[in-house]
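The values are calculated or read from the model by the stated rules, or taken from the named source; none is laboratory data. Note that this is a predicted model, so its numbers are computed, not measured. FYI the Cβ positions are ideal-geometry reconstructions off the backbone, even for glycines, and counts take in every protein chain you see. The accessibility values were calculated without ligands, DNA or RNA, using every heavy atom of the protein model including side chains. Shrake-Rupley method; radii C 1.70, N 1.55, O 1.52, S 1.80 Å.
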Amino acid sequence: MKKNFARLFGIFIVAAAIVLLANSAFIIKENQYGLIREFGKIERVISNSGLYFKIPFIQEKDTVTKELLLYDIAKSDVITQDKKSMIVDSFVLWHVTDPKVFAQTLNTSEQNAESRINVAVYNSIKNVISSMTQADIIAARGRKLTNLIMENVSGINQYGIEITTVEIKLLDLPEDNKNAVFERMISERENIAATYTAEGKADAQKIRNTTDKETALMISEAEKAAEILKAEGEAEYMKEIAAAYDGDMKADFYSFTRSLDALKNAITGGNKTIILDKDSPITQIFYNK
């Protein structure tokens, strides 16, 4: 009887030890913070992974993620400085920086954290966009705009969390006025293009006028130089002719050759007969008068 009781008591002790061990030992993973609560109050924060122990039935273990979390913010309608409506669709990357504060303020609830993030980011987007015109917003879309929104996000650190980045997925116009805005933008671009075209044509005409003027001047100078050379050549030619036929015999020979040339030019066609008056200069040459 005593042996059976001792055996049962030993089994009870082993079972109790297993239960105590199961309720005292726990593991914290690399992507987790560990929180040890004693009667609801946080007594210890564990930042490193590994095997740990707690007082069973008195202390409780809780975990908070270390991972970077994504929160997709619902599309929102905001008004620009020039009273234009725009649709903003964005998302946020955030993580826990102080697990103790996170647990105390938000009860380790990611949903509660996202609710605070939603308010803070929406207020920042609204404040930034309401301080800019629609044209300025379109020009700044991208990294410049997201940096402005990030700089204006406030009131998040008090919850033990941090926003890593705010990204704009979509920045668009409402459907009801999108076409009107596009038409106005097209009209403005056409006006700019027409201005550039007119300025280009005016510049081209100025260049053509200048070129034509310079060309006309060059041609005029070239023609003047050509006339001078021609006159000098004719003068030189006449001087040579005068020198060649200086004297009575040379003059008579010159007249004789010119008369022959004139007679040759007068004989045309198949009939080679020419009738000259006896008083003709050519007749006089043949008669040696």
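In terms of solvent-accessible area of protein heavy atoms at a 1.4 angstrom probe, what is the ranking of Thr97, Thr108, highest value first?
Thr97, Thr108
Once phi is turned into θ = phi - 60°, what whole-Hz ³J(HN,Hα) does the Karplus curve with 6.51, -1.76 and 1.60 give for every residue of region 78-91, x standing for Gly and Pro?
Each residue's phi maps through the Karplus curve to give 10, 10, 7, 4, 8, 6, 9, 8, 9, 9, 10, 10, 9, 9 Hz.
Determine the gain in length on full extension of the stretch Gln111-Glu232; use 0.36 nm per residue of separation and subtract their C-alpha separation, reporting nm with one decimal.
33.0 nm
Computed FRET efficiency, Cβ-Cβ of Lys100 and Glu67, R0 30 Å: what is it to the nearest 0.05?
0.95
Apply 1/(1 + (r/R0)^6) to the Cβ-Cβ distance of Lys144 and Thr215, taking R0 = 51 Å, and write down the FRET efficiency to the nearest 0.05.
Step by step, r from the Cβ atoms, then E = 0.45.
If you roll a 1.4 angstrom probe over the protein chains with everything in place, what fraction of the accessible area of region 32-158 belongs to carbon and sulfur, to the nearest %?
The computed percentage sits at 48.
Full-extension gain between Ala222 and Glu30, please, as 0.36 nm times their residue separation minus the C-alpha to C-alpha distance.
Here the segment from Ala222 to Glu30 would lengthen by 59.9 nm.
Leaving ligands, DNA and RNA out of it, work out the accessible area of Tyr52 with a 1.4 Å probe and give it in Å² to the nearest 10.
50 Å²
5 Å is the cut-off here: which amide hydrogens, built 1.01 Å from N in the peptide plane, fall below it relative to Tyr33, excluding neighbours closer than 5 in sequence?
Residues meeting the criterion, in which the H sits 1.01 Å from N, are Val64, Thr65, Lys66.
How many nm separate the modelled label positions at Ile79 and Ser130, each set 7 Å beyond the Cα in the direction of the Cβ?
The two pseudo-label positions are separated by 0.8 nm.
Give the shape of region 56-205 as rounded, prolate or oblate, defined through the alpha-carbon gyration tensor: a ≥ b ≥ c are the square roots of its eigenvalues, a/c under 1.5 means rounded, and otherwise the shape is prolate if a/b is larger than b/c and oblate if not.
In terms of gyration-tensor shape, prolate.
Please report the accessible area of Asp77 (heavy atoms, 1.4 Å probe, ligands and nucleic acids excluded) in Å², nearest 10.
Asp77 has an accessible surface of roughly 90 Å² with all protein chains in place.
If you count only protein heavy atoms with a 1.4 Å probe, what accessible area per residue comes out for region 109-175, rounded to a whole Å²?
51 Å²
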